[in-house]
Amino acid sequence: MQEKSAKEVNEMIKANPILKIVDVREQWEYDKGHIENSTHIPMGQIPSSVESFSDTNEYVIVCHHGIRSRTVALYLEQKGVKANLYNLSGGMEQWSDDVDSSIEKYK
């Protein structure tokens with residue numbers, strides 16, 4: 001698992017349109033705003049979704065501040081997922097600051 005800044009993830013999305021963005025926040029958080037074309041899998045559903053992660057894809061795991069997403073990325077590695085996994089450092093809060101200010105911030 002590697003850490004990536006919001007700006008780095010934005011560049012990755014531009015360079016690789018099939019990059020998978022997985023948002024692990026709760027539904028109400030996702031509804032406030034999310035990265036376009038992201039897949040929503042709340043953190044609590046990750047254990048039952050491990051098999052949906054293909055070893056041949058690249059995934060950016062996203063949450064509010066980057067803590068839950070880091071935990072999820074490490075969990076996926078422990079469960080044997082061999083895909084390239086990236087954590088969005090600073091989460092959607094940083095994404096709102098650096099990439100898309102239309103994303104609503106919340107506490």
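The values are calculated or read from the model by the stated rules, or taken from the named source; none is laboratory data. Owing to the predicted nature of the structure, the values given are computational and were not obtained by experimental measurement. Surface areas here come from the heavy atoms of the whole protein model, side chains and all, with no ligands, DNA or RNA. Shrake-Rupley method; radii C 1.70, N 1.55, O 1.52, S 1.80 Å.
Okay, here's what the table says:
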read-out: Using distinct alpha-carbon pairs, which all enter the 1/r mean, Kirkwood radius of the stretch 61-107 in Å; value: 11.2
read-out: Accessible surface, the chain, averaged per residue in Å² (probe 1.4 Å); value: 55
read-out: Length-normalised contact order of the chain in % [C-alpha pairs under 8 Å, at least 6 apart]; value: 35
read-out: With every protein chain in place, the chain: carbon and sulfur % of accessible area (1.4 Å); value: 47
